[in-house]
Each structure stands twice: as structure tokens, then as C-alpha cells.
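The values are calculated or read from the model by the stated rules, or taken from the named source; none is laboratory data. Here the structure is a predicted model, which means the values were calculated and not measured. Because the Cβ atoms are built from the backbone with ideal geometry, glycine has one as well, and the counts that use them run over all protein chains shown. Just so you know, the surface numbers come from the protein's heavy atoms only, side chains and all, with ligands and any DNA or RNA stripped out. Shrake-Rupley method; radii C 1.70, N 1.55, O 1.52, S 1.80 Å.
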Amino acid sequence: WIPRRRVDELKSSLETRFHGRYWLDIEEPKAEEADQVPSLVRYPSWLMPFVPLVKSYGVPRYGEFDPTLPFAFTYLLLFGAMFGDIGHGGVILILALALLKKMGKVAWIGIAAGAVSMLFGLLYGSIFGYEDVIHPVWMSPLHHPTQMLTLAVSFGVGFIVLTLLVNARNKYTAGHVEEALFDSTGLAGLLFYLGAVGGVVSMAGGADLATPSWMLAIIGITIVAIYKWIETHAGLGERILVTSIETLETGINLFANTLSFMRVAAFSLNHVALALAVFTLANGMGTAGHWLTIVLGNVVIIVLEGGIVAIQALRLMYYEGFSRFFSGDGTEFVPLKLVGVK
């Protein structure tokens, strides 16, 4: 295998070395060979630290959407939103810088995560857990929990819409047009999801979208049910059962995945709650004990909660994102090299 744009370079190299004493036959890959074509994946240097996290899930199949760029952006955004604190983020940034030589490129994830945490700390008005030192540029999770939950779920809706669009694109590119259009993870599923979300928003008093939204949802889920019925090759009873279960699963999975993003708001509140617990303990001690408790409490928050938040952000990307559109079963292109001939 060779990239199309390098065919002329290959011909030139062969001619230079073998002076016509070679045979080269160029063939385009056939449709049935698509799963055998290796993926040529190249990234800018600033994105390279995030590549191992994506490759730990898998390598994009040839022609499949490569999620590395949106993964990097979304992962940092989720981490900062859940662990927003100027002081704690600053400690993570400094530690990552100190370990740069030992950890190599991976340390840049810590540097970026610390910087984003500091940014959200500025937005939240939080520094080492203190909420009254600086005024929040945006809002404090402690004083606006409902708004934080609403924003977290709204982000989840946008994220799932993106994954459905990407999955439809991947299916279409791979030649599975019917799946891209009619399956629960394709455009029909997206139609149902958008309609159902609009209906829920209308019920919550957000906007008067009830009638058109529920019509959209009914059309979408009906298309999915018909597609499942056609695709299920079994007897009548089994066909009804499979179609019913898989259609019902469409709605349950989409909304369960959406509610998973509530943990973003939950961890932002948990961050404040842990700090309050530390301050409560510290206030019951003398001067030396007070500051020792503050320091040790902040260390525990950085190590314990920082690690949990890093894992939770990764979980959201893997299970609510990648599992919906990323096969990860591709083969990375590794070129052969022409060596000197004696």
C-alpha cells in the first residue's frame, strides 16, 4: 500500500535505483478491500500528546473520521469544567512542567489540563477552594447548581448530536447507506433524538416546541422501527420482539447517555463540597493545625479528585462518544523503506 500522492515519488525512486529493472503495477483498492486498507494518520506536533489516549481505544479505519482533534478539545473542556480552580490547576501545571523531561510529550496533557483548570477557576471565582477571594467572571457552581446542571446536559445533547452525525458520515463513507439514513445511530435516530429533546425542553417550559418536536420524534422512531423490522430475518414472533426491544433501546440509550453528562456539573459541585469540608475541619483547630489541614486537604483534593476527574472525562469520551461512532479497528500505515543495494 502507498498513498496516492506518493506514487510518482515511488516510480522515481525505483527508476533511480534499478534503472528499469523492476515491475510496478498500480491498482486502486476495490470496495471489498476497504477494510484491508491501512490508515495514514498524521498529526501536528501540538496534538501528538493526545494521540496515545485515542490509540488506546483504537486506530481509525481507512476513511473513518479521526476523533483525535475533537477528543483533545472536549477532554480538556470537560476536565476544566469539573476541576475548575486557579490554585489547583496551577499546581497541576507546575508539576507537569517539572516532569516534562521524564514524561515527555504526555506531560503536555497535564500542562494543558492545568491551564484549562485555571481558566475555569477564574470563571468560577475559586482559588484553592476559597470562593470569596476573587469575584467569579462567570458564575459559581455552588451558588448556581441548577444552571450548571442545565449547561452540562445541554453540552451532552450537543455532543451526542455530533456523534450521531459523525457515525452517519462514517456509515455512508463505508457504503452502508441504509444504516446511515435509517438506523438508530444514523439520521433517523438523530431525528428522533432532536424531536424528543425539543419535547422535553417544551415540557420544562423552555420553549413552545411541543407539537412539532413530538411529531419529529415520532417520525424518527417510526423510521428506526421499520428499518429494524426489515433488517431482522426471523419468524414473526421473534421479529416483533427484536424490533420492539431494539426500538425501545434507541430512546433509552440516547437519554441515558445524555444524563451521563450531569456528572460534569456534579463534579464541579463536588470540588466545592470537598473544599468546604476541609475548611470546616480546619476552622475547628488552632493556627498551626488550621493551616496544616488546609495544605493537606488541598493536596488530597488535587491528587484524589484530580485523578477521578481525569478518569471521568476519559470515560465520557470513550463510552458516550467513541462507542457511538468510532470502530477503532483500523491498521496504521507503516511504510516499507528502500534500502541500499550492493
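For the reader, a short list of remarks on this structure follows.
- The criterion of at least 2 residues that are open to solvent by less than 20 Å² (accessible area, probe 1.4 Å) is met, among helices (runs of 4 or more DSSP H) falling completely within the range 104-211, by 107-124, 145-173, 187-203.
- Flag not set for Asp8, criterion: acidic (Asp, Glu), surrounded by 11 or more Cβ atoms within 10 Å (Cβ to Cβ) and at pLDDT 90 or above.
- Every residue from the range 59-95 that is small (Gly, Ala, Ser) and more than 26 Å from Tyr319 (Cβ to Cβ): Gly87, Gly90
- Total residues in the range 104-114 satisfying the condition of being out of contact with any helix residue (DSSP H, G or I) (no Cβ under 6 Å at 6 or more places or on another chain) and more than 16 Å from Ser45 (Cα to Cα): the figure is 0.
- Qualifying positions in the range 63-85 - within 23 Å of Asn270 (Cβ to Cβ) and either aromatic (Phe, Trp, Tyr) or crowded, with 22+ Cβ neighbours inside 10 Å (or both): Tyr75, Leu78, Phe79, Gly80, Ala81, Met82, Phe83, Gly84, Asp85
- For the range 31-48, a residue qualifies if it is open to solvent by less than 100 Å² (accessible area, probe 1.4 Å) and free of Cβ contacts under 8 Å to residues at least 12 places away in the same chain, and the qualifying residues are Glu33, Pro44, Ser45.
- Residue match in the range 84-96 (condition: assigned to a loop (DSSP other than H, G, I, E, B), of a type outside the set (A, V, I, L, M), farther than 20 Å from Arg4 by Cβ and modelled with pLDDT of 95 or more): yes
- Scanning the range 322-342 for residues that are open to solvent by less than 70 Å² (accessible area, probe 1.4 Å) and either among the hydrophobic types (A, V, I, L, M, F, W, C) or closer than 15 Å to Val264 by Cα (or both) turns up Phe322, Phe325, Phe326, Phe333.
- Residue in the range 240-255 that is in a helix (DSSP H, G or I), open to solvent by 30 Å² or more (accessible area, probe 1.4 Å) and over 28 Å from Gly321 (Cβ atoms) present: yes
- Some residue of the range 286-309 being under 26 Å from His143 (Cα atoms) and in contact with a Ser or Thr (Cβ under 7 Å, 6 or more places away or on another chain): no
- Residue in the range 39-52 that is in contact with a Phe, Trp or Tyr (Cβ under 9 Å, 6 or more places away or on another chain), in a helix (DSSP H, G or I), modelled with pLDDT under 90 and over 30 Å from Ala266 (Cβ atoms) present: no
- Pro60 meets all of the listed conditions (1) open to solvent by 50 Å² or more (accessible area, probe 1.4 Å); (2) closer than 20 Å to Val334 by Cα but one, namely (1).
- When the range 286-339 is filtered for residues that are farther than 30 Å from Arg263 by Cα and assigned to a helix (DSSP H, G or I), the ones remaining, listed by number, are Thr287, Ala288, Gly289, His290, Trp291, Leu292.
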